[in-house]
Structures are given as structure tokens and as C-alpha cells.
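Asks: My structure is below; once you've seen it, I'll send some questions.
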Amino acid sequence: MPVFKVRIRPEEPVYIISVVSRLVGIPVWTLRQLDKAGIVSPKRQGKKSRLYCQKDIERLEYIHFLMEEKRVNISGIRIILQMNNKGSRAK
């Protein structure tokens with residue numbers, strides 16, 4: 001039987017919120033708060049369903065590190081990510 005590899009672009013929104021929650025270890029309600037705060041912006045399917053892409057998951061892994069290891073709250077995360085974005089643009 002042939003093996004087929006599916007290639008999904010990193011920007012393609014394919015993961016539902018419950019799957020993302022399990023993958024990155026962040027509760028669903030926290031993911032919703034991060035969306036509400038504008039820290040992550042999953043694509044919407046209809047009015048309620050959030051779909052995340054691989055890039056979102058990578059960003060959430062970093063956010064999870066900041067929350068759990070460094071004990072940073074959502075406001076602090078927003079500031080850190082803004083600083084990181086400004087630093088990467090300056091290069």
C-alpha cells in the first residue's frame with residue numbers, strides 16, 4: 001500500500017481549539033482569553049469556531065513557557081511579544 005504524505009502549509013488553519021489545548025497544554029478558556037486580548041488571532045469558521053495553524057501553535061508554545069515557567073500574566077505576555085516583534089523588525 002503506498003504511503004502518502006500530506007503537506008500542510010504552516011499558515012493553514014486546521015486545528016480546532018480543543019486539539020490546540022491538548023497540544024500546547026493551555027486550557028481552552030485561556031486560549032479564548034488570549035484571543036480576546038489579541039495575543040493570538042485564530043481564523044474563524046462561522047461565528048464561533050476558532051481554527052489555529054502551525055504558526056499559532058508555535059507561538060502558543062512560547063506563551064505557555066512564559067506563563068508556566070516565567071509566571072508572566074496575559075498583559076505581560078502582550079508586552080513581551082510586542083518587544084520581540086519590534087526587535088525582529090529592527091534587524
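Throughout, read-outs are computed from the coordinates displayed, never taken from laboratory work. Fair warning: this is a prediction, and the values are worked out from it, not measured in the lab. Backbone-built Cβ (ideal geometry, glycine too); neighbour counts: all protein chains shown.
Asks: At Lys86 and Arg22, where each label point lies 7 Å from the Cα along Cα→Cβ, what is the point-to-point distance in nanometres?
Replies: 4.0 nm
Asks: About the Cα centre of the chain, what is the dipole size in debye to 20, counting +1 per Lys and Arg Cβ and -1 per Asp and Glu Cβ, all else neutral?
Replies: 340 debye
Asks: Before anything else, pin down the relative contact order of region 15-90: Cα pairs under 8 Å, at least 6 apart, normalised by residue count, whole percent.
Replies: About 28 percent, as a whole number.
Asks: Within region 5-38, what residues put their amide N at less than 15 Å from the label point 7 Å along the Cα-to-Cβ vector of Ser49?
Replies: Answer for region 5-38: 13-20.
Asks: Please give the calculated 222 nm ellipticity per residue for the chain, where each DSSP H segment of at least 4 residues contributes -39500 (n - 2.57) and the sum is spread over every residue; nearest 500 deg cm²/dmol?
Replies: Here the helix-only value at 222 nm equals -17000 deg cm²/dmol.
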